[in-house]
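First the structure, in the form of structure tokens, and then the observations on it.
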Amino acid sequence: MPRLKNQVAFVTGAGRGIGQAMALAFAEEGAIVGVADIDPATTRSTVSQIEQNAGTARAFPIDVSKREDVLRSVAELASEFGRLDIVANNAIVFRNEPVSEVRPETIERMISVGLTSLFWAAQAALLHMDPERGGVIINNTSPVAELGIPRASVYSAIKGGVSSLTRALAVEFGPRRIRVNAVCPSSVPTPGARELNKNDEAVYEVRRRRTPLGRLASAEDIASAAVFLASSEASFITSVVLRVDGGAVVYGGA
Ligand SMILES: NC(=O)c1ccc[n+]([C@@H]2O[C@H](COP(=O)([O-])OP(=O)(O)OC[C@H]3O[C@@H](n4cnc5c(N)ncnc54)[C@H](O)[C@@H]3O)[C@@H](O)[C@H]2O)c1
């Protein structure tokens, strides 16, 4: 029995990488998926992949930093299928640079996509998740919420915010039966992350070596954790930041 049968999910940044893997995994488990991404071509491609696999999906080529885009898309999805059960917040703009060089427009863009958009998604969830049945919000945070990485200050600040907001929303939305959790992946060689790391295999080799389970995470590893958090198996789990990192974060070796 598929674990998310007939549920309706909205996934941001679902055109590629981890968001796409989540959209495909939710659909594989029987959910109808709203695929939201700023890139119309990849948005359509994720929808096609779901449809080729006999699933149901709708494309929302939107900018998730815009409140009206998020509210309108989720309203359309919920009204067509009569419910909203899962919201997964994945969209991100990656950029690393020294603090001395960070420009106002970079901060504004990165934060509005990576953090502010979670408020719009939360408002949409409140509007469309059934008060009795409730629902689930799954955020995507990162170990950089806790660890310092040179040149990643804006990204760290965003992910610190995402982890904190996960806990704050879990408390505020608990009485509405909306569970709020986050996945916290270690390094996943997605298109966005590879661009950020200039496709440098040496970077990934070091990360592999520092991962007790001996490999990098795949987007599917993270999507599996998201399916678990979305499913009824996690029905009493809220406010959790679930590390999906093969033990990388606790590695204390050389
Ligand atoms: N890849 C990793 O190593 C890693 C590790 C930890 C956490 N994460 C988190 O996982 C999530 C997904 O990362 P990824 O590696 O798959 O990234 P990615 O760059 O491969 O994919 C991000 C997607 O977000 C979309 N997007 C960007 N701006 C948008 C906007 N304004 N509106 C709608 N969509 C927008 C992009 O078009 C892209 O499809 C992010 O939240 C990231 O912080 C990634």
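Remarks
- For segment 14-55, the set of residues classified as acidic (Asp, Glu) and under 22 Å from ALA217 (Cα atoms) consists of GLU28, GLU29, listed by residue number.
- Only one of the listed residues (SER187, SER117) is small (Gly, Ala, Ser), part of a loop (DSSP other than H, G, I, E, B), near the ligand (Cβ under 10 Å from one of its atoms) and buried (at least 17 other Cβ atoms within 10 Å of the Cβ). That residue is SER187.
- Segment 150-174, residues that are of a type in the set (A, V, I, L, M, F, W, C) and free of Cβ contacts under 8 Å to residues at least 40 places away in the same chain: ALA168
- If only residues of segment 164-184 that are buried (at least 18 other Cβ atoms within 10 Å of the Cβ) and not aliphatic (A, V, I, L, M) are counted, the one that is nearest to SER232 (Cα to Cα) is ARG179.
- Some residue of segment 166-180 being in a helix (DSSP H, G or I) and within 15 Å of the ligand (Cβ to nearest atom): yes
- Residue among ARG67, ARG83 that is within 13 Å of the ligand (Cβ to nearest atom), in contact with a helix residue (DSSP H, G or I) (Cβ under 9 Å, 6 or more places away or on another chain) and over 30 Å from SER187 (Cβ atoms): ARG67
- Summed over segment 207-233, the residues that are closer than 20 Å to ARG167 by Cα, more than 13 Å from the ligand (Cβ to nearest atom) and hydrophobic (A, V, I, L, M, F, W, C) give a count of 4.
- Top-ranked residue of segment 149-160 - restricted to ones that are crowded, with 17+ Cβ neighbours inside 10 Å and within 12 Å of the ligand (Cβ to nearest atom), ranked as farthest from ILE137 (Cα to Cα): ALA152
- ILE237 part of a loop (DSSP other than H, G, I, E, B), β-branched (Val, Ile, Thr) and closer than 19 Å to ASN89 by Cβ: yes
- Single unsatisfied condition, PHE236 versus (1) away from the ligand (no atom under 14 Å from the Cβ); (2) under 19 Å from the mean Cα position of the chain (by Cα): (2)
- Segments classed as strands (runs of 3 or more DSSP E), wholly inside segment 1-99, with at least 3 members that are within 17 Å of ALA122 (Cα to Cα) and under 18 Å from the mean Cα position of the chain (by Cα): 8-12, 32-36, 86-89
- No other residue among ALA75, ALA54, ALA88 is surrounded by 19 or more Cβ atoms within 10 Å (Cβ to Cβ) and either more than 10 Å from the ligand (Cβ to nearest atom) or modelled with pLDDT of 95 or more (or both) apart from ALA88.
- The number of residues in segment 35-64 that are among the basic types (Lys, Arg) and touching a helix residue (DSSP H, G or I) at 6+ places or on another chain (Cβ under 7 Å) comes to 1.
- Filter result for ALA21 (touching a residue at least 40 places away in the same chain (Cβ under 8 Å), of a type in the set (Gly, Ala, Ser), touching an Asp or Glu at 6+ places or on another chain (Cβ under 8 Å) and away from the ligand (no atom under 12 Å from the Cβ)): no
- For SER45: the one exception among (1) of a type outside the set (Lys, Arg); (2) within 13 Å of the ligand (Cβ to nearest atom); (3) closer than 22 Å to GLY114 by Cβ: (3)
The values are calculated or read from the model by the stated rules, or taken from the named source; none is laboratory data. From a predicted model like this one, the values you see are computed outputs, not experimental measurements. For neighbour counting, all protein chains shown are included, and Cβ atoms are generated from backbone atoms with ideal geometry for every residue, glycine included.
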